[in-house]
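The values are calculated or read from the model by the stated rules, or taken from the named source; none is laboratory data. Only a predicted model underlies this, so the values are computations on that prediction, with no experimental measurement involved. Here the Cβ positions follow ideal geometry from the backbone for every residue, glycine too, while neighbour counts run over all protein chains shown.
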Amino acid sequence: MPQEDTVDEHLLIMRGVSKGFVQGGRRIEVLADLNLTIHTGELVAIVGSSGSGKSTLVSLIAGLQTPDSGTIEFAAKPVSGPGPERGVVFQNYSLLPWLSVTDNIALAVNSVFPQWSTAERQEYVHKFIQMVNLSHAAHKRPSELSGGMRQRVSLARTLAIKPRLLLLDEPLSALDALTRAVLQQEIARICADEKITGLLITNDIDEALLLADRVIPLTAGPKATLGPSFVVDLPRPRDASVLFHTPEFRELRTKVMTHLLEMRHSTHASAKPARPLPSVIPVHERWRPVPKEAVSDQPSDVKFFAPKG
Amino acid sequence: MRLNKLDWLWMPLLVMVGVVLVWSLSSATWAPRLPTPTKTLQDSRLYILEPFAKRGEQDQGILRFTWYSLVLVAKGYVIAILVGTPLGFLLGMSKLFSKGFDPLIQILRPVSPLAWLPLGLILFGRLESAALFTIAICSMWPTVLNTAMGVRAIPQDYLNVGRVLRLSRWDMLGKIMIPAALPYMFTGYRLSLGLAWLVIVAAEMLTGAPGVGGFLWQEYNSDIPAHIILCILTIGLVGFVLDRLMSVVENRLRAA
């Protein structure tokens, strides 16, 4: 088993991080002057609308991309590339389709813990399959699993490499509401049991408040940046059905939402005012007898016109 | 037209009957040297009924000849795959490499086996080596191009998984890139096998090696046209079977 982490008060420190891309000859600044600190043992959620550069943020922390400016320090060392100490649960699961559930997880375990014996590794893989309640599907291929089950596998694979920082990149956004609720509970349970330090990226404020110790809004891109952090001091374990009705939860939710909306207004202040839709008045043609063969099941003639000006 | 459940059976039969009719009519009218279907069957009987007989170097059962050809094809094909797959990987992985080699490949690809064989003879001297060279260089291209396409099509996500796990170069290749590109590679292998079989006849005709192609050319020289038809049918059937076998493997890989 891996040794306990030495306690780093600041596990991850991002200072003034910016990242842009060139697309169609034009440079688009995705993230601008981003500052973020994650302490060991806490679960931070970053909430932002789609297209705000959330996945880019994860790629930067994971080391899959390098920032254009600013620094990212992990465990007091600058991030120079990807590594298993920063495990990513990808939005689209990223399971290898030719491997079974067991083999997908085993690939990760075998490459990160090569010093263990085969039996040790097998037992370890099995433990993680059990943790996400997939023992019955251990020999299935990803194509035979539902979206929720695939994301469980992906979660187990990442947890199994014992990352010091777990990066959850919108892990539940592709799932239906019910599956999402179930998996939220499981993630909450696992994070508490395993004392996980994590960064959850999501577009769902409720999810963020349910799981995180701290919620940070990300403004809409381009030039997205992080807002102030909102400490979520709601008692654990948090039960969604009870929590959502408490005044504390509602108050926090309103604060975060208000902030997201305000930041949205300020970034779009220079944008053109919304164009009013033309007022449309339906005009019915006068009824006249129709020859029988011309009758169809199309709706009767209704024409629309927009008045000028 | 209404579709019937047995269409797959009687439609091909109908077409074949039609072809035999046209064949019979042709040999009766404008192509007097073409043997009729019955004459073809009669002349070929010995070769079909004793498919593995060996009466002399150039007088053997049709399946025995086929076997010689298959062995030669297999050798050339293995060379094509061993050279073509790594080349395809290099093309797929490196844009620079791809830029450099693409024009060369596009130029060499359409060159006929008939053109390669003399060069093979000059290079290697021996007939069999020249034939292998020709089969390999002609059948290699689908493997090269499909492998390259397969490597380019590997989702970035799979590679990211490998990068986060800090897989070694070889593990990245063996555990992620090859399995991910395998369906494409097999499409290449199937097309290459088809080409290798196509080339064998040309190679054997020129080298005179014993095999279906060699037999065909010899029987043309001995003026036994029935055997030419026998050879053509055999070549076609064998090619068809090879393609089916490969596509079975290919489909299993795709389903995986």
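The single condition from (1) charged (D, E, K, R); (2) at the interface with chain A (Cβ under 7 Å from one of its Cβ atoms); (3) part of a helix (DSSP H, G or I) that residue B:190 fails is (2). For residues that are surrounded by 22 or more Cβ atoms within 10 Å (Cβ to Cβ) and within 14 Å of chain A (Cβ to nearest Cβ), tally how many sit in the range B:146-161. Residues that pass the stated criteria total 2.
Set side by side, the residues B:202, B:209, B:148 differ, and just one is touching a Leu at 6+ places or on another chain (Cβ under 7 Å), at pLDDT 95 or above and within 27 Å of residue B:116 (Cβ to Cβ), which is B:148.
Just a yes or no: is a residue in the range B:234-251 among the hydroxyl-bearing types (Ser, Thr, Tyr), over 24 Å from residue B:27 (Cβ atoms) and in contact (Cβ under 8 Å) with a residue 60 or more places away in the chain? No: zero hits.
For the range A:138-150, the criterion of being within 30 Å of residue A:75 (Cα to Cα) and either crowded, with 20+ Cβ neighbours inside 10 Å or in contact with a strand residue (DSSP E or B) (Cβ under 6 Å, 6 or more places away or on another chain) (or both) is met by none of the residues. Report yes if some residue within the range B:133-145 is away from every other protein chain (no Cβ under 14 Å), closer than 30 Å to residue A:92 by Cα and among the aliphatic types (A, V, I, L, M); otherwise report no. Yes, some residue in the range B:133-145 is away from every other protein chain (no Cβ under 14 Å), closer than 30 Å to residue A:92 by Cα and among the aliphatic types (A, V, I, L, M). Among the residues that make up the range B:115-123, is at least one of them touching a residue at least 40 places away in the same chain (Cβ under 8 Å), under 29 Å from residue B:182 (Cβ atoms) and outside any loop (DSSP other than H, G, I, E, B)? No, the range B:115-123 has no match at all.
Taking the numbered list (1) hydroxyl-bearing (Ser, Thr, Tyr); (2) at negative phi; (3) within 14 Å of chain B (Cβ to nearest Cβ) in turn, residue A:40 passes all entries but (3).
If only residues of the range A:199-210 that are more than 12 Å from the chain's Cα centre (by Cα) and not acidic (Asp, Glu) are counted, the one that is farthest from residue A:242 (Cα to Cα) is A:209.
Condition (residue is more than 14 Å from every other protein chain (Cβ to nearest Cβ), surrounded by 17 or more Cβ atoms within 10 Å (Cβ to Cβ) and either in contact with a Phe, Trp or Tyr (Cβ under 6 Å, 6 or more places away or on another chain) or of a type outside the set (Phe, Trp, Tyr) (or both)) applied to the range B:165-174: is it met by at least one residue?
no
Restricted to helices (runs of 4 or more DSSP H) entirely inside the range B:13-111, those with at least 2 residues that are buried (at least 17 other Cβ atoms within 10 Å of the Cβ) and either touching a residue at least 60 places away in the same chain (Cβ under 8 Å) or among the charged types (D, E, K, R) (or both) are B:37-49, B:62-93.
Among the criteria (1) touching a residue at least 60 places away in the same chain (Cβ under 8 Å); (2) among the polar types (S, T, N, Q); (3) not in a helix (DSSP H, G or I), the one residue B:4 does not fulfil is (1). One residue stands out among those in the range A:76-115 that are charged (D, E, K, R) and farther than 26 Å from residue A:148 by Cβ: the one that is surrounded by the fewest Cβ atoms within 10 Å (Cβ to Cβ), which is A:77.
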